[in-house]
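Novice: Provided herewith is a single structure, encoded as structure tokens, for subsequent inquiry.
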Amino acid sequence: MPGKLLTYNGSRIYYETEGEGLPVILIHGFGEDGTVWRYQRAFLKDHFRLIIPDLPGSGKSELLSIPGDYSSFIIDLYATCIKQILDQESIQKCTLLGHSMGGYIALVFAQYNPERLNGLGLVHSTAYADSEDKKTTRKKGIAFIQQYGAREFLKQSIPNLFAEQFTREHPDQIEALIAGACNFTAPALVQYYEAMTERPDRTETLKKATNPVLFIIGEEDKSVYLQDSLKQCYLPGNTQINILPGVAHMGMWERKDQTNDTVMNFLNYVSDA
């Protein structure tokens, strides 16, 4: 399907739309683009109006030029980009689902634009800020990217997003993700890591949420640990939780049918709310 373009802060941002009905935006995570939602798109397109962006610097979208002294606001800029897409599509209210870093962006949107949300979904994501250990790990990742490049970094990091059994049984899918990552640049990955490192705690956003909130959690997730995920599930007043057994950080691929059913049930609930 032909994509659409938005000019935001001087950069061209690419996104695709499909379907009719309740507007749903699917926001991908770090080292991904909109195609990571391929299984959910195929499942949901006949029931909802899907908007699937490539975040700045991912897929067919250009990277934002951000001065160094604005590094702590990068996630906010990505969230404003999502708002601009909604404005361009004349969408007043939507449901946001964000995977990993996409969840961080969705939380910023929810903080500043609660009146424009019907529902919020965090897919293997968290409202907590990075721990000091996590920040140190990200800084080491930045150094690796700057020395060896984006593709080499993603080649090593992508397999770790999946549970070991899935990696053994579906090496072709892992290779497909790695192949799709060949277009990432080192500056894009560094910008994402800086954005994630600098983001503040947003648990207050969950506490203040007046709309339904969905949490999809991987039992074996090494990026967002199960116990940390469970702590945040009790913060909103209206919560739905699905813990995926034997799944790490990529439930959209590792357990796509269960993920699809969970998302469909949540969106139907939001539609009826």
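Only the coordinates and a few stated rules stand behind these numbers; no lab work does. The shown structure was predicted, so the numbers you read here are calculated from the model rather than taken from an experiment. Glycine gets a Cβ as well: all are built from the backbone with ideal geometry, and neighbour counts include every protein chain shown.
Novice: Stretch ASP133-GLU169 to full length: gain in nm at 0.36 nm per residue minus the Cα-Cα span?
Specialist: 9.8 nm
Novice: Return ARG151, ARG202 ranked ascending by Cβ neighbour count within 10 Å, so the fewest neighbours appear first.
Specialist: With the fewest neighbours first, ARG151, ARG202 line up as ARG151, ARG202.
Novice: Of all trypsin sites (Lys or Arg not before Pro) in the range 46-150, which ones are in loop regions per DSSP and have a Cβ with at most 16 other Cβ atoms within 10 Å?
Specialist: LYS60, LYS93
Novice: At 7 Å along Cα-to-Cβ for each site, give me the label-to-label distance between THR185 and ASP201 in nm.
Specialist: Result for the modelled spin labels: 3.6 nm.
Novice: OK, next. Provide the convex hull volume over Cα atoms per residue for the chain, in Å³.
Specialist: 118
Novice: Amide H to amide H under 5 Å from ILE241: which residues, 5+ apart in sequence or cross-chain, H placed 1.01 Å off N in plane?
Specialist: Amide H neighbours of ILE241, under 5 Å, 5+ apart: PHE215.
Novice: Give, in nm to one decimal, the length gained when the segment between ILE66 and LYS222 is fully stretched (0.36 nm per residue of separation minus the Cα-Cα distance).
Specialist: 53.2 nm
Novice: With a cut-off of 8 Å between alpha carbons and a minimum separation of six or more residues, what is the relative contact order of the range 114-273 in percent?
Specialist: Contact order relative to length: 31 percent.
Novice: Which order do the peptides 10-16, 73-79 come out in when sorted by mean C-beta neighbours inside 10 angstrom, highest first?
Specialist: Order by mean packing, descending: 73-79, 10-16.
Novice: While we're here: Could you list TYR193, TYR225 so that the one with the fewest beta carbons within 10 Å of its beta carbon is first and the one with the most is last?
Specialist: Least crowded to most crowded, the residues run TYR225, TYR193.
Novice: Give LYS45/LYS93; LYS83/LYS256; LYS45/LYS256; LYS4/LYS93; LYS83/LYS139; LYS134/LYS155 a once-over and call out the pairs whose C-alpha atoms are over 24 Å from each other.
Specialist: In this structure, LYS83/LYS256; LYS83/LYS139 exceed 24 Å between Cα atoms.
Novice: With both partners inside the chain, how many of the DSSP beta bridges are antiparallel, as a percent to the nearest 5?
Specialist: 30
Novice: For the chain, calculate the relative contact order in percent as a whole number, restricting contacts to Cα pairs under 8 Å that are 6 or more residues apart.
Specialist: 19
Novice: Also: Would you work out if the range 134-175 is rounded, prolate or oblate? Take a ≥ b ≥ c from the square roots of the eigenvalues of the alpha-carbon gyration tensor; rounded if a/c is under 1.5, else prolate when a/b is larger than b/c, oblate otherwise.
Specialist: Note, shape of the range 134-175 comes out oblate.
Novice: Kindly work out what percent of the DSSP beta bridges joining two residues of the range 1-106 are antiparallel, to the nearest 5.
Specialist: Restricted to the range 1-106, the bridges split so that about 55 percent are antiparallel.
Novice: What does the net charge come to around VAL247 if you take all other residues with beta carbon closer than 9 Å to its beta carbon, with K and R at +1 and D and E at -1?
Specialist: Computed value for this residue: -3.
Novice: For a footprinting-style exposure proxy, rank LYS45, LYS208 by other Cβ within 10 Å, fewest first.
Specialist: Sorted ascending by nearby Cβ count, the order is LYS208, LYS45.
Novice: Over what distance in Å are the Cα centres of the range 32-103 and the range 196-273 separated?
Specialist: Between the Cα centres of the range 32-103 and the range 196-273 lies a distance of 18 Å.
Novice: Rounded, prolate or oblate for the range 143-258? Axes are the square roots of the Cα gyration tensor eigenvalues, ordered a ≥ b ≥ c, and the cut-off for rounded is a/c under 1.5.
Specialist: oblate
Novice: Between GLU115 and ARG12, how high is the FRET efficiency from 1/(1 + (r/R0)^6) when r is the Cβ-Cβ distance and R₀ = 25 Å? Nearest 0.05.
Specialist: Approximately 0.30, to the nearest 0.05.
Novice: Step through the residues of the range 256-273 one at a time and calculate ³J(HN,Hα) from phi using the Karplus curve (6.51 cos²θ - 1.76 cosθ + 1.60, θ = phi - 60°), rounding each to whole Hz and writing x for Gly and Pro.
Specialist: Those phi angles translate into 5, 5, 5, 4, 4, 5, 4, 5, 4, 4, 5, 5, 5, 5, 4, 4, 8, 5 Hz.
Novice: Let me ask you something else. How would the range 129-202 be classified by its alpha-carbon gyration tensor: rounded, prolate or oblate, with rounded meaning a/c under 1.5 and the a/b versus b/c comparison settling the rest?
Specialist: Note, shape of the range 129-202 comes out oblate.
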